1. If contacts are Cα pairs under 8 angstrom and at least 6 residues apart, what is the relative contact order of the chain in percent?
2. Carbon-plus-sulfur fraction of the accessible area of the chain, 1.4 Å probe, in percent?
3. Volume per residue, Å³, of the convex hull around the alpha-carbon atoms of the chain?
4. Could you list the trypsin sites (Lys or Arg not before Pro) in the range 87-153 that lie in coil according to DSSP, counting only those with at most 13 other Cβ atoms within 10 Å of their Cβ?
5. Of all GluC sites (Glu not before Pro) in the range 21-116, which ones are in loop regions per DSSP and have a Cβ with at most 13 other Cβ atoms within 10 Å?
6. Please report the relative contact order for the range 24-101, taking Cα pairs under 8 Å with a sequence separation of at least 6, and give it as a percent rounded to a whole number.
7. Counting heavy atoms of the protein chains only and a 1.4 Å probe, report the per residue accessible area for the range 1-123 as a whole number of Å².
8. Taking the Cα centre of the chain as origin, sum charge times position over the Cβ atoms of Lys and Arg (+1) and Asp and Glu (-1), and report the length of that vector in debye to the nearest 20.
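The values are calculated or read from the model by the stated rules, or taken from the named source; none is laboratory data. Just so it is clear, the model here is predicted, and its values are computed rather than measured. Here the Cβ positions follow ideal geometry from the backbone for every residue, glycine too, while neighbour counts run over all protein chains shown. Just the protein is used for accessible areas: all its heavy atoms, side chains included, with ligands, DNA and RNA removed. Shrake-Rupley method; radii C 1.70, N 1.55, O 1.52, S 1.80 Å.
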Amino acid sequence: EKKRKLNFLEVGCSNGRFLLSLKKKFKNINVFGVDPSKLAIMDLKKKKIKCKVGTADELKFKKNSFDIIYYGFCLYLCDEKYYNNILRCARKILIEDGYIIIFDFFSKKLKKNIYKHDKRITSIKYDFRKIFQKKNKFNCIDHKLYNYSNMFRVKNSEKGDLLSISVLKKI
(Lines give C-alpha, C1' and ligand atoms only; values in the text may rest on other atoms or scores of the structure.)
Protein backbone atom coordinates (compact mmCIF):
# COMPACT_ATOMS: atom_id res chain seq x y z
CA GLU A 1 0.00 0.00 0.00
CA LYS A 2 1.40 3.39 -1.04
CA LYS A 3 1.54 5.93 1.77
CA ARG A 4 -0.28 9.19 1.20
CA LYS A 5 1.95 12.26 1.01
CA LEU A 6 1.61 14.88 3.76
CA ASN A 7 0.16 18.22 2.68
CA PHE A 8 2.09 21.09 4.29
CA LEU A 9 1.07 24.75 4.07
CA GLU A 10 3.32 27.65 5.01
CA VAL A 11 1.40 30.86 5.69
CA GLY A 12 3.63 33.88 5.05
CA CYS A 13 6.02 31.86 2.87
CA SER A 14 7.81 34.90 1.35
CA ASN A 15 10.47 33.68 -1.11
CA GLY A 16 9.77 30.03 -0.25
CA ARG A 17 13.22 29.19 1.06
CA PHE A 18 11.74 27.06 3.87
CA LEU A 19 9.33 25.24 1.52
CA LEU A 20 12.10 24.53 -0.99
CA SER A 21 14.31 23.02 1.71
CA LEU A 22 11.41 20.86 2.99
CA LYS A 23 10.65 19.65 -0.51
CA LYS A 24 14.31 18.75 -1.05
CA LYS A 25 14.71 17.00 2.31
CA PHE A 26 11.46 14.98 2.44
CA LYS A 27 10.02 12.99 -0.43
CA ASN A 28 6.66 12.22 1.24
CA ILE A 29 5.49 15.83 1.39
CA ASN A 30 3.51 18.17 -0.86
CA VAL A 31 4.36 21.79 -0.04
CA PHE A 32 2.10 24.80 -0.56
CA GLY A 33 2.65 28.47 0.21
CA VAL A 34 0.55 31.56 0.84
CA ASP A 35 1.89 35.10 1.00
CA PRO A 36 0.36 38.58 0.56
CA SER A 37 3.18 39.56 -1.82
CA LYS A 38 2.29 39.05 -5.49
CA LEU A 39 5.99 39.36 -6.33
CA ALA A 40 7.00 36.58 -3.92
CA ILE A 41 4.26 34.29 -5.26
CA MET A 42 5.24 34.92 -8.91
CA ASP A 43 8.84 34.07 -8.01
CA LEU A 44 7.78 30.90 -6.17
CA LYS A 45 5.67 29.66 -9.07
CA LYS A 46 8.82 29.81 -11.25
CA LYS A 47 10.42 27.46 -8.69
CA LYS A 48 7.53 24.98 -9.16
CA ILE A 49 6.03 25.53 -5.69
CA LYS A 50 2.24 25.42 -5.45
CA CYS A 51 1.29 28.78 -3.98
CA LYS A 52 -1.17 31.63 -4.02
CA VAL A 53 -1.53 35.21 -2.90
CA GLY A 54 -3.36 35.35 0.41
CA THR A 55 -3.31 36.06 4.13
CA ALA A 56 -3.77 34.01 7.31
CA ASP A 57 -7.37 35.14 7.69
CA GLU A 58 -8.36 34.20 4.12
CA LEU A 59 -6.93 30.80 3.23
CA LYS A 60 -8.82 29.76 0.12
CA PHE A 61 -8.33 26.00 0.11
CA LYS A 62 -10.74 23.09 0.20
CA LYS A 63 -11.94 21.69 3.51
CA ASN A 64 -9.54 19.15 5.11
CA SER A 65 -6.73 19.93 2.62
CA PHE A 66 -3.73 20.02 4.96
CA ASP A 67 -2.01 17.85 7.55
CA ILE A 68 0.16 20.70 8.82
CA ILE A 69 -0.14 24.50 8.73
CA TYR A 70 3.04 26.41 9.56
CA TYR A 71 2.85 30.06 10.64
CA GLY A 72 6.49 31.21 10.55
CA PHE A 73 6.86 34.82 11.66
CA CYS A 74 3.62 36.01 10.13
CA LEU A 75 1.08 36.16 12.98
CA TYR A 76 2.92 39.09 14.56
CA LEU A 77 1.82 41.19 11.57
CA CYS A 78 -1.86 40.13 11.74
CA ASP A 79 -4.30 42.56 13.34
CA GLU A 80 -6.06 41.03 16.32
CA LYS A 81 -9.47 41.79 14.76
CA TYR A 82 -8.69 38.94 12.32
CA TYR A 83 -7.87 36.30 14.95
CA ASN A 84 -11.31 34.65 14.76
CA ASN A 85 -11.02 34.39 10.96
CA ILE A 86 -7.52 32.93 11.30
CA LEU A 87 -8.89 30.27 13.66
CA ARG A 88 -11.87 29.54 11.38
CA CYS A 89 -9.66 29.15 8.29
CA ALA A 90 -7.22 26.84 10.07
CA ARG A 91 -10.03 24.63 11.40
CA LYS A 92 -11.61 24.40 7.96
CA ILE A 93 -8.56 23.46 5.90
CA LEU A 94 -6.82 21.20 8.45
CA ILE A 95 -7.66 17.50 8.49
CA GLU A 96 -8.97 15.94 11.71
CA ASP A 97 -5.93 15.44 13.98
CA GLY A 98 -4.02 17.98 11.87
CA TYR A 99 -1.23 20.13 13.33
CA ILE A 100 -0.38 23.80 13.52
CA ILE A 101 3.19 24.94 14.06
CA ILE A 102 3.74 28.54 15.20
CA PHE A 103 7.19 30.15 15.17
CA ASP A 104 6.86 33.79 16.19
CA PHE A 105 7.52 36.53 18.73
CA PHE A 106 6.17 35.80 22.21
CA SER A 107 4.72 37.79 25.07
CA LYS A 108 2.35 36.64 27.82
CA LYS A 109 0.34 39.83 27.36
CA LEU A 110 -0.47 41.31 23.95
CA LYS A 111 2.07 44.05 23.14
CA LYS A 112 1.88 46.35 20.13
CA ASN A 113 4.79 48.14 18.47
CA ILE A 114 5.27 50.15 15.30
CA TYR A 115 6.69 47.76 12.69
CA LYS A 116 10.26 48.93 12.06
CA HIS A 117 10.14 48.12 8.31
CA ASP A 118 6.89 50.01 7.67
CA LYS A 119 5.60 52.69 10.06
CA ARG A 120 1.99 52.18 8.82
CA ILE A 121 1.91 48.66 10.29
CA THR A 122 1.60 47.57 13.91
CA SER A 123 3.51 44.48 14.97
CA ILE A 124 2.31 42.36 17.86
CA LYS A 125 4.03 40.18 20.43
CA TYR A 126 1.67 37.67 21.97
CA ASP A 127 1.11 34.09 22.97
CA PHE A 128 -0.35 33.22 19.55
CA ARG A 129 -1.45 29.79 20.78
CA LYS A 130 -4.40 31.62 22.35
CA ILE A 131 -5.86 32.29 18.88
CA PHE A 132 -6.22 28.56 18.28
CA GLN A 133 -7.01 27.41 21.81
CA LYS A 134 -10.23 29.46 21.85
CA LYS A 135 -13.31 27.32 22.48
CA ASN A 136 -11.02 24.26 22.86
CA LYS A 137 -10.43 23.88 19.13
CA PHE A 138 -6.73 22.96 19.48
CA ASN A 139 -4.51 21.38 22.15
CA CYS A 140 -0.96 22.61 22.64
CA ILE A 141 1.30 19.56 22.58
CA ASP A 142 4.64 21.40 22.70
CA HIS A 143 5.75 24.95 23.49
CA LYS A 144 9.32 26.24 23.82
CA LEU A 145 10.59 29.76 24.50
CA TYR A 146 13.82 31.21 23.13
CA ASN A 147 15.70 34.44 23.66
CA TYR A 148 15.44 36.34 20.38
CA SER A 149 18.93 37.87 20.48
CA ASN A 150 20.93 34.67 21.06
CA MET A 151 18.40 31.88 20.34
CA PHE A 152 19.08 30.19 23.68
CA ARG A 153 16.16 28.36 25.19
CA VAL A 154 14.70 30.03 28.28
CA LYS A 155 12.28 28.93 30.97
CA ASN A 156 11.21 32.32 32.30
CA SER A 157 8.85 34.09 29.93
CA GLU A 158 9.67 37.59 31.21
CA LYS A 159 13.33 37.88 30.25
CA GLY A 160 14.31 39.86 27.16
CA ASP A 161 12.83 39.64 23.68
CA LEU A 162 11.30 36.22 23.26
CA LEU A 163 10.10 34.00 20.52
CA SER A 164 8.35 30.70 20.76
CA ILE A 165 7.85 27.52 18.82
CA SER A 166 4.51 25.87 19.50
CA VAL A 167 2.85 22.76 18.12
CA LEU A 168 -0.92 22.44 18.41
CA LYS A 169 -3.18 19.57 17.44
CA LYS A 170 -6.71 19.98 16.10
CA ILE A 171 -9.34 18.42 18.37
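1. Numbers: 362 pairs, mean separation 31.7, N = 171.
This gives 19 percent for the chain.
2. Working: 5620 of 10590 Å².
Result for the chain: 53 percent of the exposed heavy-atom area is carbon or sulfur.
3. Details: hull volume 23.4 nm³, N = 171.
So the per-residue hull volume is 137 Å³.
4. Numbers: sites: Arg88, Arg91, Lys92, Lys108, Lys109, Lys111, Lys112, Lys116, Lys119, Arg120, Lys125, Arg129, Lys130, Lys134, Lys135, Lys137, Lys144, Arg153; in loops: Lys108, Lys109, Lys116, Lys119, Arg120, Lys137.
Here the sparse-neighbourhood loop sites are Lys108, Lys109, Lys116, Lys119, Arg120.
5. Filter output for the range 21-116: empty list.
6. Numbers: 88 pairs, mean separation 24.1, N = 78.
Taking the mean separation of contacting Cα pairs over the length of the range 24-101, I get 31 percent.
7. Ligands and nucleic acids excluded, the result is 63 Å² per residue.
8. Working: 42 positive and 17 negative charges, 91 e Å.
Magnitude of the dipole: close to 440 debye.
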